[in-house]
1. Would you please name the GluC sites (Glu not before Pro) within segment A:1-75 that are DSSP coil residues with at most 12 other C-beta atoms within 10 Å of their C-beta?
2. Could you work out the local net charge near residue A:56, counting Lys and Arg as +1, Asp and Glu as -1, over the other residues with Cβ closer than 15 Å to its Cβ?
3. What does the charge count around residue A:81 come to, taking other residues whose C-beta lies under 13 Å from its C-beta (Lys +1, Arg +1, Asp -1, Glu -1)?
4. Can you list residues from other chains, or at least 5 along the same chain, whose modelled amide H is less than 5 Å from the amide H of residue A:17?
5. Which whole-number percent is the relative contact order of segment A:1-56 (Cα, under 8 Å, 6+ apart)?
6. Of A:91, A:60, A:32, which is the most mobile in a GNM of chain A whose springs link Cα atoms less than 10 angstrom apart?
7. For B:78, B:73, B:33, what's the fewest-to-most ordering of other Cβ within 10 Å of each Cβ?
8. Which of B:104, A:14 has the fewest other C-beta atoms within 10 Å, and how do the rest follow up to the most?
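Computed from the coordinates by the stated procedures, all read-outs in this text should not be read as laboratory data. A quick note: this is a predicted structure, and the numbers were derived from the prediction, not measured. Using ideal geometry, Cβ is built from the backbone for each residue, glycine included, and neighbour counts are taken over all protein chains shown.
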Amino acid sequence: DTGVSQDPRHKITKRGQNVTFRCDPISEHNRLYWYRQTLGQGPEFLTYFQNEAQLEKSRLLSDRFSAERPKGSFSTLEIQRTEQGDSAMYLCASSGLGEQYFGPGTRLTVT
Amino acid sequence: KNEVEQSPQNLTAQEGEFITINCSYSVGISALHWLQQHPGGGIVSLFMLSSGKKKHGRLIATINIQEKHSSLHITASHPRDSAVYICAGPLNYGGSQGNLIFGKGTKLSVKP
């Protein structure tokens, strides 16, 4: 296993469009996290899955955001009706019982 | 107010210098992570520790749970150490793992 992967690495979209990001965690990890990082700031927690169950959602995750992990393996994060304020790096991480391993991130630019 | 505070925010050093980055936190965390982020965004986990000290190569991390303080030290710094260093702690949801809360990061630049 080569680690956590994310796709795409970069996404440029126009305001109002929908975007979907994918995260493939390390295969034996049952926990998966989504974080968002804006320029000059540390990452902020968005949501967390244990297997296929979404156990925690930040209030940062407005109703335009939805995340799924249908089979407890890969996860998708969808943003509907994107706004310029959604421009950020979206990071995925996975873990077993120990430390979290991060993917390379998806950088979203909303024009 | 961010519940995980790092200092300094920016740090410039000459190659070979000993570097210390500090992290203080006010929330109840069970362990603390030190992460490294290079330009382009990818984050690499350096350490996770809940007590004492850990060493990996030229990197040393210490933590004092009672004082809610941790430090990351880099010995014999090198330009390739230039990156943003972030400390983060999992909120203690009754277990050893939880969603991380992050400091804002310390941007380190090591000059040759």
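1. Numbers: sites: A:28, A:44, A:52, A:56, A:68; in loops: A:28, A:52.
Those that pass, being in a loop and sparsely packed, are A:28.
2. Details: positive: A:31, A:36, A:57, A:59, A:69; negative: A:44, A:52, A:68.
My count for the surroundings of residue A:56 gives +2.
3. Working: positive: A:14, A:15, A:64; negative: A:63, A:78, A:83, A:86.
Local net charge: -1.
4. A:82
5. On the way: 62 pairs, mean separation 14.3, N = 56.
Computed over segment A:1-56, the figure is 26 percent.
6. Checking each option, the largest mean-square fluctuation is seen for A:60.
7. Values: B:78 13, B:73 16, B:33 23.
Listed from fewest to most nearby Cβ atoms, that is B:78, B:73, B:33.
8. On the way: B:104 17, A:14 8.
The order, fewest Cβ neighbours first, is A:14, B:104.
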